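The values are calculated or read from the model by the stated rules, or taken from the named source; none is laboratory data. Keep in mind it's a predicted model, so treat the numbers as computed, not measured. In this analysis, Cβ positions are derived from the backbone assuming ideal geometry, glycine residues included, and neighbour counts consider all displayed protein chains.
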Amino acid sequence: MNQKCNEQGKQHLASSTKPVVLNELIQNGQPAFGVFSQVKSINYLDYYSHLISQKSLPNWRKEIKANQFCFIQILQPPYRVCLALATIKLATSAFVYIYHEDTQQLKVCDVLQPLTHRTHLDGDSYQGQMAFAHTKLTITLDFSPAQINIALDSQYIAITAALARSTQPLAICTPTGRRGWTFTQKEPLTALSGHLLIKTHSKFDANTPDAQPQKITFTDATIANLDWTLGYMRHETNWFWSCITSYLSDGRHFLLNLSMGVNETGASENACWLAGQIIYLPPVMFAREGSNSQSVNQENSEPTAEMGTGESDPQPWRIHHQNLGWSNVNIDLTFTPITVYKKTDNFGVIASVFEQWIGFYSGEIRLAGEVIILDRVIGLAEDHFARW
């Protein structure tokens, strides 16, 4: 009996010091927990979930309870484009925004639809498709092991892109609450082909009445990153997230992913990539003083893009690692906000306070073999509360 339990336990835990490849996340009805080098199938409907009464849930209940979202950032200087598609089944939202790093202009297109209206979800981040359609914004994301194809059209911009995937993604699954779990995959991406089209009536051409659409072709220097998540999260969830995709002074592509919240049970989703090589990082703490976050009790509001000016600027954030002697890594960063995409929704049973800031990172990350110095490098920082 004990031997049988031990064998089953090995199937559900990543006990090896080196992350391994899994063909399926759900094994014998339960998720495998830990950090993996790749997971080829997020077969969440095979999960043997049950209520406190011990009654099993039918597949339609498991589909409704599973939250899923995808975020992609594309950097084509001086433009930075961020797009996302998220569903909690009771509602589905999508957004895209474009930011001009030189002028600090930000333009947002945001849509919320009930249930999964005009939304298609098939497969997962390894092999699958996510699609969303609305008069203001349409997004289609096609996932294959080698690349991700993007087709996006909005009021202000359009994107067609093929992005090459990483050979070393971060894939992690951890317990959430009493019976839930959350899987997330992060990875750097590079452009294979495609373009960004900035339409004539966008904010960037407001002072040029005779402006023509601006088509910017992606090159092999165009970099991006993926954040894909699916899971059974707590009814009330909150997290902080830090992301940098950039080039270091020596020309290496650098991606940083740090978070606090959600995936925090015995494993860390923190990592950085140097020229495509992953380096796993320890847990970090986020300190955000003088937060001007909106209350979840306030009325529904439209998405806003705010520019920090003068004395009303939000205070810098600090993201740091407390080294207790068992790690050869040290992280100490300061994030200075510039502008924000902010949206608050409150429908009682479900609610969200979402803030995604653009700003400057400064500080250092000390690794075993080198020190990465960041001096006013532009990146993202997120503060998100959700009731779902």
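Note on the range 339-388: residues that are more than 20 Å from the chain's Cα centre (by Cα) and either assigned to a strand (DSSP E or B) or among the hydrophobic types (A, V, I, L, M, F, W, C) (or both) amount to 17. Taking the range 242-260 as the range and being touching a residue at least 24 places away in the same chain (Cβ under 8 Å), farther than 18 Å from Asn330 by Cα and of a type outside the set (A, V, I, L, M) as the test, the residues that pass are Thr245, Ser246, Tyr247, His253. Of everything listed in (1) in a loop (DSSP other than H, G, I, E, B); (2) in contact with a Lys or Arg (Cβ under 8 Å, 6 or more places away or on another chain); (3) within 21 Å of Gln76 (Cβ to Cβ), the single unmet condition for Pro145 is (3). Applying the criterion of at least 2 residues that are within 21 Å of Tyr79 (Cα to Cα) and modelled with pLDDT of 95 or more to the strands (runs of 3 or more DSSP E) found wholly in the range 225-290 leaves 236-247, 253-260.
Of all the listed residues (Val111, Val96, Val21), the sole one being at pLDDT 95 or above and farther than 28 Å from Gln168 by Cα is Val111. When restricted to residues that are assigned to a strand (DSSP E or B), within 21 Å of Glu63 (Cβ to Cβ) and either hydrophobic (A, V, I, L, M, F, W, C) or touching a Lys or Arg at 6+ places or on another chain (Cβ under 6 Å) (or both), the range 114-142 contains 6.
Residues checked against (1) modelled with pLDDT under 95; (2) basic (Lys, Arg); (3) crowded, with 16+ Cβ neighbours inside 10 Å:
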site: His117; (1), (2), (3): yes, no, no
site: Ser125; (1), (2), (3): no, no, yes
site: Leu152; (1), (2), (3): no, no, yes
site: Thr208; (1), (2), (3): yes, no, no
site: Thr217; (1), (2), (3): no, no, no
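Looking only at the range 261-274, decide whether some residue is more than 27 Å from Gly128 (Cα to Cα), out of contact with any strand residue (DSSP E or B) (no Cβ under 8 Å at 6 or more places or on another chain) and either touching a residue at least 40 places away in the same chain (Cβ under 8 Å) or not aliphatic (A, V, I, L, M) (or both). Scanning the range 261-274, I find no residue that is more than 27 Å from Gly128 (Cα to Cα), out of contact with any strand residue (DSSP E or B) (no Cβ under 8 Å at 6 or more places or on another chain) and either touching a residue at least 40 places away in the same chain (Cβ under 8 Å) or not aliphatic (A, V, I, L, M) (or both), so the answer is no.
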